[in-house]
Amino acid sequence: MAKRETGCQTESEVYATAVGLLARREHSQRELETKLKTRGVMPELIESVLNRLVDERLQSDERFAEAYLRQRSGKGYGPRRIVAELRERGVDDALVSAQFREAVAQGEIDWYERAASVYSKKFGDRPIEDMKERAKRMRFLQYRGFDHDHIAVVLEGE
């Protein structure tokens, strides 16, 4: 197992660490900042390196939000949950809204279809027998982050 670097303090070392993180997957600026802080990097260096990465277009919150939206929606999560997760990762609300509008406008994501798919995968063709079962299924879809409208359309089909 590789030894984890702690306290890399030159700008070139911090830059190399950040590029290595970005090579594995997209990161938001806040995620990179947090990971570098846990490695003992001084805040001034973090800011400098993050600005350089943005200037060189190696880090982009817009690209991160697009990839994250595609990945999480593909795993069956709804818009509310994805928005909350992107906020946790420090992505600007205006950027998140723009990414969602673009994905829906281009027909990449149909939230009603995603909700129905997740629902049928979890519950199959079993009919809802009572209100307790209906509430359980609603809670599942809410937990997954789907809006009330999405849930209502899916449950109407039952």
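The values are calculated or read from the model by the stated rules, or taken from the named source; none is laboratory data. Because the structure is predicted, anything quoted here is derived from the model rather than measured. Here Cβ is always computed from backbone atoms with ideal geometry, including for glycine, and neighbour counts include all displayed protein chains. Quick note on the areas: whole protein, heavy atoms, side chains included, nothing else; ligands and nucleic acids left out. Shrake-Rupley method; radii C 1.70, N 1.55, O 1.52, S 1.80 Å.
Before moving on, here are some points about what is shown:
- The range 52-102, residues that are among the polar types (S, T, N, Q), part of a helix (DSSP H, G or I) and in contact (Cβ under 8 Å) with a residue 24 or more places away in the chain: S73, Q99
- Verdict on E33 being in a helix (DSSP H, G or I), open to solvent by 60 Å² or more (accessible area, probe 1.4 Å) and outside the structural domain of D149 (by the TED database): yes
- Members of the range 101-158 that are open to solvent by 60 Å² or more (accessible area, probe 1.4 Å), within 23 Å of L69 (Cα to Cα) and among the acidic types (D, E): E102, E108, D110, E113, D149
- Residues that are touching a residue at least 40 places away in the same chain (Cβ under 8 Å) and of a type in the set (V, I, T), drawn from the range 103-129: I109, V118
- Any chance G90 is touching a Lys or Arg at 6+ places or on another chain (Cβ under 6 Å) and open to solvent by 20 Å² or more (accessible area, probe 1.4 Å): yes
- Conditions (1) at pLDDT 95 or above; (2) open to solvent by 40 Å² or more (accessible area, probe 1.4 Å); number of the one not met by L69: (2)
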